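Notes follow the structure.
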Amino acid sequence: MTKILLLDIETAPNIAYVWGAWKQNIGQNQWKQKGHIMSFSAKWLGDDNVFYHENRKANDKTLVKALYKLLDEADMVVAHNGQKFDLPVIIGRGVIHGFTPPSPYFVVDTLLTARRELRL
């Protein structure tokens, strides 16, 4: 049976010292804090149990480890803007923490599906 994971993450903003409001090129010495994963919600399709993890500190290693465990079990991941945001952020944070990539999975991005199928 296919294991389908429904997933959403929330991230902290990047914070930098800048002098303008538009089209800023930010040097490495201007960063005060780079963003991190603050929380995620996930559930297996067909299961009522919801996983929720929260992290208010910059060190999101425990949270990313929990996400990697879920992704490693998934055959398919359904996420809104998952292909261009959620999953690259998760994998990128995993690289920062020294994790090896999770097992392969198929991605269904509901944002791309909505743009393709709906005239909004």
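The values are calculated or read from the model by the stated rules, or taken from the named source; none is laboratory data. Note that the structure is predicted; figures quoted are calculated from it, not measured. Neighbour counts run over all protein chains shown; Cβ positions are idealised from the backbone, glycine included. To get the accessible areas, we keep the full protein, side chains included, count just its heavy atoms, and leave off ligands, DNA and RNA. Shrake-Rupley method; radii C 1.70, N 1.55, O 1.52, S 1.80 Å.
For the stretch 14-55, a residue qualifies if it is in a loop (DSSP other than H, G, I, E, B) and aliphatic (A, V, I, L, M), and the qualifying residues are Val18, Ala21, Ile26, Leu45. If the condition is being basic (Lys, Arg) and either touching a residue at least 40 places away in the same chain (Cβ under 8 Å) or surrounded by fewer than 13 Cβ atoms within 10 Å (Cβ to Cβ) (or both), then the stretch 20-52 contributes Lys23, Lys32, Lys34. Yes or no: Asn55 more than 29 Å from Arg115 (Cβ to Cβ) and either open to solvent by 50 Å² or more (accessible area, probe 1.4 Å) or at pLDDT 95 or above (or both)? It is false that Asn55 is more than 29 Å from Arg115 (Cβ to Cβ) and either open to solvent by 50 Å² or more (accessible area, probe 1.4 Å) or at pLDDT 95 or above (or both).
Only a single criterion out of (1) open to solvent by less than 60 Å² (accessible area, probe 1.4 Å); (2) touching a residue at least 12 places away in the same chain (Cβ under 8 Å) is not satisfied by Tyr17, namely (1).
Taking the stretch 97-112 as the range and being under 13 Å from Lys69 (Cβ atoms) and among the hydrophobic types (A, V, I, L, M, F, W, C) as the test, only Phe99 passes. In summary, Asp109 fulfils each of the numbered conditions (1) farther than 12 Å from Asp8 by Cα; (2) over 12 Å from the mean Cα position of the chain (by Cα) with the single exception of condition (1). When Leu63, Leu70 are checked against the criterion of being part of a helix (DSSP H, G or I), open to solvent by less than 20 Å² (accessible area, probe 1.4 Å), under 19 Å from Gly94 (Cβ atoms) and touching a helix residue (DSSP H, G or I) at 6+ places or on another chain (Cβ under 9 Å), a single residue qualifies: Leu63.
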